[in-house]
Amino acid sequence: MTAVSTSTALKLAVMGGDGTGPEVAAEGVKVFKDIAEKEDIAYEIKDFDYGGDRYLATGEILPDGAIEELSQFNAILLGAIGHPDVAPGILERGLLLALRFHFDQYINLRPVKLYPGVETPLAGKGSDDIDFVVVRENTEDLYCGMGGFLKKGTPDEVATQMAVYTRKGCERCVRWAFEYTRKRNRRKRLTLVAKTNVLTYGHDLWWRTFQEVGEEYPDVEKDYNHVDACCMWMVKNPEYYDVIVTTNMFGDIITDLAGIIQGGMGVAAGGNINPEPGGTSMYEPMGGSAPKYTGKGVINPIATIAAVAMMLEQSGFEQAGRRVAAAIQKVTGTKMKSQAAGKMGYSTSEVGDLVCEAL
Ligand code: IPM
Ligand code: MN
């Protein structure tokens, strides 16, 4: 069934996916292998060809047995999904969301850090000002797919799309965020971002859970922003934030805003984490498959390498993760001309080499 052994090695599944995904994934793997050797980390790697091309050829997104095989891995490194010949939503739901849900990756961890040498569209803000983390709940809310149509296609059509929140789903996310804030040990401020003034049931549950769990963390400042106000403050005073915990849909939206203030999709990374023992997590650059840059060797692999740093940190190899993160900053700060595709001053693979040299 699987070639993966039962040893204690870190088992990594690599899913390059579509477009530029395989190019950036290759650089992530390059850096991973280098740091694994330097830090003496035993690993096993296996490639998977899931994505748009395979779907077009076979009609399958995740073939029979795929989930079972992937469950043997500690981590999945996902390059990108999105294919010009596949209708939007098919691969997103059939692969990305399917894996998030199946493996119950209930934390979506999105660090927002402006690396040295990286340009932000926010005037007057620098690396010290933009350094916070968004913990996005990753399994509930509007993403659960509950709802339906009534009288579809008629003038009387009704469509419902339900936001589902459970105490369990909310509490495990909020608790993880408190633990993370304590461990990060920076401002020790956890901001709940929600919309309690309008979402008087679901976000009331979030609010109460946040207050109750918060009592176990007297050392962490409990803070609250409505999501609309958060979008304002994130632009005006990003330095205010330390850790944000939020619901799935709002987390999706505010992390695109956050991604652009940290320098764009070339640098923003995300982790879909199942923190339970034996859980399978998935790490990805936040950018898409960028069809127009595919095969040109010009796409920025920094986000994918940052995803590898996060994977190491979250898999218990914290020092290795810190080394990769430091190497990334050396390269953005002293080598790369820009983070935009084609303007880096180096090719995709040269950027990977520079990070390895800086390790
Ligand atoms: C993200 C993406 C996904 C999401 C899409 C592709 C389903 O936007 O990872 O933020 O909405 O979660
Ligand atoms: Mn998104």
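The values are calculated or read from the model by the stated rules, or taken from the named source; none is laboratory data. Note that the coordinates shown come from a computational prediction; the quantities given were computed from them, not determined experimentally. Virtual Cβ from ideal backbone geometry, glycine too; neighbours counted across all protein chains shown.
Please state which of the following conditions THR209 fails to meet, knowing it meets all the rest: (1) assigned to a loop (DSSP other than H, G, I, E, B); (2) away from ligand 2 (no atom under 16 Å from the Cβ); (3) in contact (Cβ under 8 Å) with a residue 12 or more places away in the chain.
(1)
What helices (runs of 4 or more DSSP H) lie completely within the range 44-118 and have 3 or more residues being farther than 25 Å from GLY259 by Cβ and in contact (Cβ under 8 Å) with a residue 12 or more places away in the chain?
Where helices (runs of 4 or more DSSP H) fall fully within the range 44-118 and carry at least 3 residues being farther than 25 Å from GLY259 by Cβ and in contact (Cβ under 8 Å) with a residue 12 or more places away in the chain, they are 52-58, 66-70.
(1) within 16 Å of ligand 2 (Cβ to nearest atom); (2) within 22 Å of ARG100 (Cα to Cα); (3) not aliphatic (A, V, I, L, M): which one isn't true of PRO277, the others all being true?
Against the list (1) within 16 Å of ligand 2 (Cβ to nearest atom); (2) within 22 Å of ARG100 (Cα to Cα); (3) not aliphatic (A, V, I, L, M), PRO277 comes up short only on (1).
Go through the range 126-142 and report how many residues are of a type in the set (D, E, K, R) and away from ligand 2 (no atom under 14 Å from the Cβ).
4
So, of the residues in the range 228-266 that are among the hydroxyl-bearing types (Ser, Thr, Tyr) and more than 16 Å from ligand 2 (Cβ to nearest atom), which turns out to be nearest to ASP204 (Cα to Cα)? Spell out the reasoning first.
If we filter the range 228-266 for residues that are among the hydroxyl-bearing types (Ser, Thr, Tyr), which is where we start, we get 240-241, 246-247, 255.
Imposing the further condition that a residue be more than 16 Å from ligand 2 (Cβ to nearest atom) reduces the set to 240-241.
Numbers: TYR240: 24, TYR241: 22 Å.
Here the residue is TYR241.
Here are some residues: LYS183, LYS168. Which one is of a type in the set (D, E, K, R) and under 21 Å from the mean Cα position of the chain (by Cα)?
None of the other options fit; the residue is LYS183.
If we scan the range 96-109, do we find a residue that is farther than 19 Å from ASN74 by Cα and away from ligand 2 (no atom under 16 Å from the Cβ)?
Taking every residue of the range 96-109 in turn, none turns out to be farther than 19 Å from ASN74 by Cα and away from ligand 2 (no atom under 16 Å from the Cβ).
Restricting the search to the range 298-332, which residues are under 15 Å from LYS183 (Cβ atoms) and touching an Asp or Glu at 6+ places or on another chain (Cβ under 6 Å)?
GLY321
Being modelled with pLDDT of 95 or more, more than 16 Å from ligand 1 (Cβ to nearest atom) and in contact with an Asp or Glu (Cβ under 8 Å, 6 or more places away or on another chain) is true for just one of LEU91, LEU114. Which residue is that?
It is LEU114.
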